[in-house]
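K.L.:
My structure is below; once you've seen it, I'll send some questions.
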Amino acid sequence: MARHRDYKTSYNKRCPGQTPYTCARVETGTEHQADADSARDASMRTAAINATAANIPEAPAPTEPQKTLQQQRQEWADFLAEVAAEAAASQRNRQPNRRQERKKNQVKWSRVKYKTKKATKTQQNAKTSQPKISRRYVQDIAPSNLSATSTITAIPPPSYPRSEFEISIMPQIIGKGFDVQTPVDVDRLEFITKRHPNRAFVEYVVQGFRRGFRYGFQGDRQSIIQMNLPSIALNPAAFATSVQDEVNKGRYTGPFSIANPPVIPMRTNPCGLVPKRDTDPVVYRVINHQSAPDGTSVNEGISKEDFATTYEHEAYRIIPIDPLDQTLQGIVCEGKLYFDKCAAFGNRASGGIFCRVEDLIAWIAIDHGIPAVIHYVDDFLLITPRGGNEVRKLFEAILCFLRIPHKEEKTVGPTTKVQFLGIEIDTVTATASIPENKRYELITFLQPWGKARKCSVADYDHLLGT
């Protein structure tokens with residue numbers, strides 16, 4: 001039963017601190033009358049409650065308990081989200097003060113680190129005056145053959161399935177010189193690597209020599225004819241001689257007519273000449289620029305992650321390329337069309353393929369008892385405490401067994417002092433230094449910079465080697 005808004009107030013004014021019913025008993029004056037009034041009031045309240053309950057519709061029983069439970073959970077989640085939002089807003093309001101405190105702490109911590117670093121450096125300098133860059137060479141750390149051991153856990157590049165369009169091109173290249181060409185004896189390579197634990201890696205290399213390594217090209221195969229680079233004009237005769245030499249060795253197929261190519265689609269890449277260092281008369285190396293044209297080049301169709309090395313070296317020529325990918329390596333010389341059948345200079349995948357092969361050769365050398373092998377591309381450094389002549393003969397015997405070409409005139413040692421990658425290594429003094437002639441060239445080059453007050457961006461990039 002609803003009360004009037006002044007009901008309680010009026011009784012409180014008359015009888016402060018008492019209920020309306022106690023006030024009613026006081027006002028009647030007789031106990032009997034008070035009891036009667038109380039009974040009447042109780043009866044009136046009961047009737048009012050019953051009437052009110054009769055007017056309130058009964059809540060229907062939930063027909064879908066699971067749905068009701070989800071609704072309750074959603075309401076609870078919304079409530080928690082509101083609480084979290086309020087907490088985040090409160091946190092943002094206090095953020096400036098915390099930033100200031102953090103900045104002060106950073107300043108204090110920087111001072112502590114500077115003092116600690118300075119004290120540590122002073123302590124190290126007190127122990128030794130040896131340059132930091134050369135300390136690691138005399139540390140007592142067990143040596144490791146990283147090139148060889150990396151083959152144990154190496155993962156071969158992915159083998160992408162050929163598309164229907166690529167399969168349709170295959171019949172065009174049959175009988176036109178697009179074959180696999182390599183001097184390596186694949187059967188002997190397979191035999192000598194039977195004990196290698198990483199069979200997937202060995203199988204990748206062996207099958208690559210048998211069928212041709214694939215570049216993993218995933219771009220559009222379209223016909224593109226490009227002009228050679230201006231550097232060809234340095235010595236056109238040297239370019240023509242180089243192309244003919246590749247044809248004679250079976251590493252180029254051709255010549256073909258540009259107007260009537262042996263396969264469609266095909267593409268040609270710009271060629272250029274780069275003079276080799278320290279050659280007199282000058283000897284030029286032919287490069288195949290496979291990063292042109294921008295947007296549709298061969299290199300842009302090859303994943304950087306699959307082949308993460310970028311070397312350029314003549315030794316690539318022992319690596320045969322898949323016949324279908326050979327159609328991506330066309331060149332034009334004196335108006336004639338040729339196709340390169342081996343790993344080309346300038347291709348993104350060539351370095352990665354070649355280094356996997358050389359890593360496997362390093363493993364073979366270790367497996368045959370050579371204690372330490374280091375290689376950079378095809379430059380190998382063999383390290384042994386004794387028996388240098390025997391180690392050299394063993395390594396050369398491995399190369400001859402696999403029929404991997406090597407130049408006898410470039411072989412040095414055994415010796416205690418040798419130049420490797422431009423660094424002079426002396427095992428007697430345990431030092432690695434720059435050769436005297438290169439040191440003189442470097443000092444001569446840097447002398448003008450000691451007096452320079454400004455420089456151009458191009459000169460600065462040249463100084464940094466970028």
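Each reported figure results from applying straightforward, stated rules to the coordinates on display, with no laboratory input. Since we're looking at a predicted model, the values are computed, not measured. Here the Cβ is made from the backbone with ideal geometry for all residues, glycine too, and neighbour counts use every protein chain on show.
K.L.:
Past 29 Å, Cα to Cα: identify those pairs from K249/K410; K304/K417; K276/K336; K304/K454; K194/K417; K341/K417, in the order given.
P.N.:
Values: K249/K410 22 Å; K304/K417 38 Å; K276/K336 26 Å; K304/K454 38 Å; K194/K417 36 Å; K341/K417 39 Å.
Long pairs (Cα-Cα over 29 Å): K304/K417; K304/K454; K194/K417; K341/K417.
K.L.:
Would you calculate the convex hull of the Cα atoms in region 265-370 and tell me its volume per residue in Å³?
P.N.:
138 Å³
K.L.:
With Kirkwood's inverse mean 1/r over C-alpha pairs for Rh, give me the Rg to Rh ratio of region 330-453, two decimals please.
P.N.:
Working: Rg = 19.8 Å, Rh = 18.0 Å.
Reported Rg/Rh, Kirkwood definition of Rh: 1.10.
K.L.:
Still on this structure, please answer the following. Enumerate the amide H contacts of T431 below 5 Å, restricted to partners 5 or more residues apart or on another chain; note that Pro and chain-start residues carry no placed amide H.
P.N.:
Amide H to amide H, under 5 Å and 5 or more residues apart or across chains, T431 pairs with D426.
K.L.:
Can I ask one more? In region 397-465, which trypsin sites (Lys or Arg not before Pro) fall in coil by DSSP and have 12 or fewer other Cβ atoms within 10 Å? Could the numbers behind the result be given before it?
P.N.:
Numbers: sites: R403, K407, K410, K417, K438, R439, K451, R453, K454; in loops: R403, K407, R453, K454.
The qualifying sites are K407, R453, K454.
K.L.:
With charges only on Cβ, +1 for K and R and -1 for D and E, what is the dipole size of region 147-354 about its Cα centre, in debye, rounded to 20? Please list the in-between numbers first.
P.N.:
Details: 21 positive and 22 negative charges, 71 e Å.
Charge dipole, region 147-354, about its Cα centre: 340 debye, nearest 20.
K.L.:
Measure of size requested: the Rg and Dmax of region 163-242, with Cα atoms as the atom set and Å as the unit; please supply both.
P.N.:
18.5, 51
K.L.:
Largest first and to the nearest Å, give the Cα extent of region 383-447 along each principal axis.
P.N.:
51, 27, 13 Å, listed from the longest principal axis down.
K.L.:
Just the Cα atoms of region 337-388: what Rg and Dmax do they give in Å?
P.N.:
14.9, 53
K.L.:
Using the basic label-point model (7 angstrom from Cα toward the beta carbon), what is the D461 to K194 distance in nanometres?
P.N.:
So the two model labels end up 5.5 nm from each other.
K.L.:
Can you tally the net charge around A397? Count Lys and Arg as +1, Asp and Glu as -1, for every other residue whose Cβ sits under 14 Å from the Cβ of A397.
P.N.:
Result for the local shell: -1.
K.L.:
Still on this structure, I have one more. What number do you get for region 147-354 when its Cα radius of gyration is normalised by 2.2 N^0.38 Å, N = residues?
P.N.:
After normalising by residue count via 2.2 N^0.38 Å, the value is 1.03.
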